[in-house]
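Read the structure below first, then the notes.
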Amino acid sequence: MQPENTQPEPAAERSTRPVRRRSTALAAVLLVVAAAALWASSRMTWVQVDSADGLGTDRITDLDGGTWAAATTPLALALLAAVAAAFAVRGRAVRVVAAAVALVAVAAAIPVVQLFTSAVDPDTAEQVAGLPDRATVVATEVFPLPAIIAGVGACVALAAAVALWRTPSAQAGLSSKYDAPAARREAAARRAETDEPMTERTLWDSIDAGHDPTIAADDDDADNDPDTNSGESGTRR
């Protein structure tokens, strides 16, 4: 038998669920696209180094994104991890994930900007290519397409961060039915103190936490007030 004060799920909560689901799903798709772009870029040649050691023909070394911009692959994996985090966390933690994704986007864009705004440093190219000491860099060639793909991935990751940031914080993450029993009891205790309207699920969580949702908070305080109880007992004969 259910208590009489059972209230339907608040309309505001029901209305924010589709928004939350759309925002989280959109962010997940954008994160996957961004991760795929960074991973593909890390497998493509960014810089070609032409070197000579004076002993034979010139040596040509191709530096892919995973070598020239070593953080590209780890950043792609971080974006994939953010997909799981977007569905797992709730409340303000969603914005923490959004901020982390934005930082990943900025980190992915840095080598792209450096490649297009400044010439390739021969010393850096020699060090990254792992050339022997007697070899010198004769020429370098930049391939723009992989860097453009990485830049697109960074922009998409930034869009995913915005989508996560705009997710309603109160409804973000998985449903409360996946919370641990202790967490649900704690949330029920907080709702009992604030007189927040209760759904059927939160009603039983409140009962499990030891609170009777059929008794108003003022009546409960009055019953537990020692002054009131002592006054009533003093008038009895």
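Computed from the coordinates by the stated procedures, all read-outs in this text should not be read as laboratory data. All of these numbers come straight from a predicted model, not from anything done at the bench. Every residue, glycine among them, receives a Cβ derived from its backbone with ideal geometry; neighbour counts consider all protein chains shown.
Structure values in brief
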item: Among the candidates 93, 100, 88, 109, residue that is over 21 Å from residue 158 (Cβ atoms), out of contact with any Phe, Trp or Tyr (no Cβ under 8 Å at 6 or more places or on another chain) and among the aliphatic types (A, V, I, L, M); result: 88
item: Total residues in region 120-146, condition in a loop (DSSP other than H, G, I, E, B) and closer than 11 Å to residue 47 by Cβ; result: 3
item: Selection from region 38-52 of residues that are crowded, with 16+ Cβ neighbours inside 10 Å and farther than 15 Å from residue 144 by Cβ; result: 38, 39, 42, 49, 51, 52
